Every structure is written in C-alpha cells, then in structure tokens.
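Working notes, structure below.
The values are calculated or read from the model by the stated rules, or taken from the named source; none is laboratory data. Keep in mind it's a predicted model, so treat the numbers as computed, not measured. Methodologically, a virtual Cβ is constructed for each residue, glycine included, from the backbone with ideal geometry; neighbour enumeration extends over all protein chains shown. Remember, those area values only see protein heavy atoms, side chains included, never the ligands or the DNA or RNA. Shrake-Rupley method; radii C 1.70, N 1.55, O 1.52, S 1.80 Å.
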Amino acid sequence: MDLRLFKNIVILTGAGISAESGIRTFRDQDGLWEEHRIEDVATPEAFARDPKLVQRFYNLRRAQLKDPKIQPNPAHLALAELERLWEGDFLLVTQNVDNLHRRAGSSHLLHMHGRLDKVFCLHCDEHYEWNEDLAVDQSCEACGRKGGVRPDIVWFGEMPHHMEEIYAALDKADYFISIGTSGNVHPAAGFVRLAWKAKKIEINLKDTEISPSFDAHFVGPASTEVPRFIKELLE
Ligand code: NAD
Ligand code: ZN
C-alpha cells in the first residue's frame, strides 16, 4: 500500500486552467477582462453605478457556459480523476466562476469567488441557481421584489467565500498545488505561504510573481502539465 496517498492535498486553480477550454483569463490582456476594466464590471460600486452594464457583462459570461464548444479540458478531467483515487483529504479551491470543474466530475470543490450559474437577492439574501440572463428589474424567485437580484460573484472589495474551511485545509496540507493563477489576486495569492508544511508545486504557462515561494514548477499549458504532474504524483 502506498502511504503517500493518505496525505492531505489542497489544489488552487485560476483562470489559466480554463483558458484552453475557450474561456479567457484577465491579467493576460493588459488587466482587462473581455475588454472591460475590472473596476467597471467587477465591483459593488460598478453595479450600483451601472447595473445594466454589469448584468450584461455577466449575462454574456453565463451564456458562454452553454456554448457546446466550451468543455472541460484534460486538466479539469485529471483533477477529477485524482480526487477519485486520492485516499487522504482532498480539497479543490477554485477562483474561477465557470462550471468546468463540476462538469469534469470534481466534488470536493469550493468556489471562493462565487459562481456564474448562481444569483442572490440583495433584499432577502436568498442564493439560488440561475442559468438564464438576468434583467436589471428581475424579480426575485424567493421574495418577489424587483431590482435586487445580482450575480453570486465575489467582486473586488467583497469577502471571498469558504475562507475558514480553506485556511483549515491549508494548515494541514502535505501538498499544495497552484494551477493557472497569476498570484495577483488576494487572498488566494497568499495561500502558498499558509500551507506551511506542504510541498508546494506551481503549474503555469510562465513564472508568476509568487513562483519563488514554490518548491517545484511545471511550466507549460495546463492541459498537458496537469495530467503529467498527476501521473508523477501517483507513481
Ligand atoms: P489571471 O487571469 O489573473 O491569470 C491567469 C494565469 O493563468 C496567468 O498566470 C497565466 O500565465 C496562466 N495561464 C494562462 N493560460 C494558461 C494555460 N493554458 N495553462 C496554464 N496556465 C495558464 O487569473 P486568476 O489568477 O485566476 O485571477 C483572475 C480572477 O478573475 C479570478 O478571481 C476569477 O474569479 C476571475 N476570472 C475567472 C475566469 C473563469 O471563471 N474561467 C476567467 C477570467 C477571470
Ligand atoms: Zn429576494
């Protein structure tokens, strides 16, 4: 029996893991996300100022998930397979708001920045699944009031989800793997330092600002490097 499999693993993914599935990252385009400045579409202030623009932006992102061309790639699938084989604690934390990890079959999965396919109501705080466009005057499925339904996305300046659970997992992690994330967005960029006893591995197309904090690097596209890393890990 291979005792290594009883160790605890935490995996953090970012926009880079979904890039080869056809969903664009943002830092790669001069800090723009699909031609928009982050402060115009991904802050509570932007939503208060121009709800129409913000709803339209997320409607397009949400609709893209229904495009038959957008599918989980070999990196998402390899992580789902690793979860099935792993005998220690396994936690996948994603900064992504797409649904590709779930579609690949991952289940010990936390969306720290929310999900495109969920919304919540500013009037009654009900959170629910939503796969259609959202209108600015959408009535809430739970309380019926209009105008308060927004994407269940963590915007800049808002508190990420599941942080207690994530910090507890990092504290006892034996492996910490960071995939396709720039290391620019906090608090996720600081996870590598909190995984104090873990062997730390970074998988990315290129070096990042936080590369020096890792023990090993797999440099290249996630769709080939993630399956390659997992094969080595299990051997
Ligand atoms: P980022 O856009 O800041 O950085 C992407 C990183 O992925 C870069 O380091 C880049 O070198 C790397 N990368 C690009 N293509 C890759 C590939 N094929 N293989 C391996 N690595 C690759 O992404 P971030 O650090 O996740 O921060 C972006 C924030 O924006 C997140 O918080 C997220 O919520 C949001 N966002 C989400 C999505 C999504 O859900 N798919 C897409 C864009 C932005
Ligand atoms: Zn409501």
Self-check item: ³J(HN,Hα), Karplus 6.51/-1.76/1.60, whole Hz, each residue of region 199-212, x for Gly, Pro
Solution: 7, 10, 10, 10, 10, 7, 4, 8, 5, 10, 4, 9, 3, x
Practice problem: Amide H neighbours of Arg145 under 5 Å, at least 5 residues apart or on other chains, H built in the peptide plane: list them. | Solution: Cys140
Quiz prompt | Helix 74-85 axis, angle to the chain major axis (alpha carbon atoms, nearest 10°) | solution = 60 degrees
Quiz item: For Lys118, which sequence-distant residues (separation of 5 or more, or a different chain) have an amide H within less than 5 Å of its own amide H, given hydrogens modelled in the peptide plane?
Solution: Trp130, Asp152
Quiz item: Over the heavy atoms of Lys66, what accessible area does a 1.4 Å probe trace out, to the nearest 10 Å²?
Solution: 120 Å²
Quiz item: Once you put a point 7 Å from the Cα of Ile38 and another 7 Å from the Cα of Glu132, both along the Cβ direction, what distance in nm separates them?
Solution: 3.3 nm
Exercise. Quickly estimate the mean residue ellipticity at 222 nm for the chain, helices only: each DSSP H run with n ≥ 4 gives -39500 (n - 2.57), and the total goes over all residues, rounded to 500.
Key: -8000 deg cm²/dmol
Quiz item: For region 120-235, what is the convex hull (Cα atoms) projected area averaged across all directions, in square nanometres?
Solution: 9.6 nm²
Self-check item: Unit charges on C-beta of K, R, D, E only; dipole of the chain, Debye
Solution: 160 debye
Quiz prompt | Rounded to 10°, Cα long-axis angle of helix 51-64 versus longest principal axis of the chain | solution = 50 degrees
Exercise. Work out from phi, with θ = phi - 60° and the Karplus expression 6.51 cos²θ - 1.76 cosθ + 1.60, the ³J(HN,Hα) of each residue of region 174-186, listed in order in whole Hz, and give x for Gly and Pro.
Key: 8, 10, 10, 10, 10, 10, x, 10, 6, x, 9, 9, 9
Quiz item: In the chain, with Lys and Arg counted as +1 and Asp and Glu as -1 at Cβ, which of these residues, Pro72, Cys121, Ala135, has the Cα nearest the positive end of the dipole, that is, farthest along it?
Solution: Pro72
Quiz item: Cross-link partners among lysines for Lys199, C-alpha distance below 24 Å, same-chain residues fewer than 8 apart left out?
Solution: Lys7, Lys172, Lys231
Exercise. Return the long-range amide H neighbours of Ile177 (sequence gap of 5 or more, or a different chain), with a cut-off of under 5 Å between placed amide H atoms.
Key: Val10, Ile11, Leu12, Ile201
Quiz item: To the nearest 10 square angstrom, what accessible area does Trp86 show with a 1.4 Å probe?
Solution: 20 Å²
Exercise. Using the heavy atoms of the protein chains and a 1.4 angstrom probe, tell me the accessible area per residue for the chain in square angstrom.
Key: 48 Å²
Quiz item: In cubic angstrom, how much convex hull volume per residue do the alpha carbon atoms of the chain span?
Solution: 119 Å³
Quiz item: With +1 on each Lys and Arg Cβ and -1 on each Asp and Glu Cβ, how big is the dipole of region 101-143 about its Cα centre, in debye rounded to the nearest 20?
Solution: 380 debye
Quiz item: Dipole size in debye (nearest 20) for region 74-135 around its Cα centre, Lys and Arg Cβ +1, Asp and Glu Cβ -1?
Solution: 160 debye
Quiz item: Which of the lysines could a cross-linker span from Lys146 if the Cα-Cα distance has to be under 24 Å and same-chain partners fewer than 8 positions apart are dropped?
Solution: Lys52, Lys118
Quiz item: In degrees, nearest 10, range 0 to 90: what is the angle between the Cα axis of helix 222-234 and the longest Cα principal axis of the chain?
Solution: 40 degrees
Quiz item: Roughly how many Å² of Asp133 are accessible to a 1.4 Å probe, to the nearest 10?
Solution: 90 Å²
Exercise. Could you please put Lys7, Lys206 in sequence from largest to smallest accessible area, using a 1.4 Å probe?
Key: Lys206, Lys7
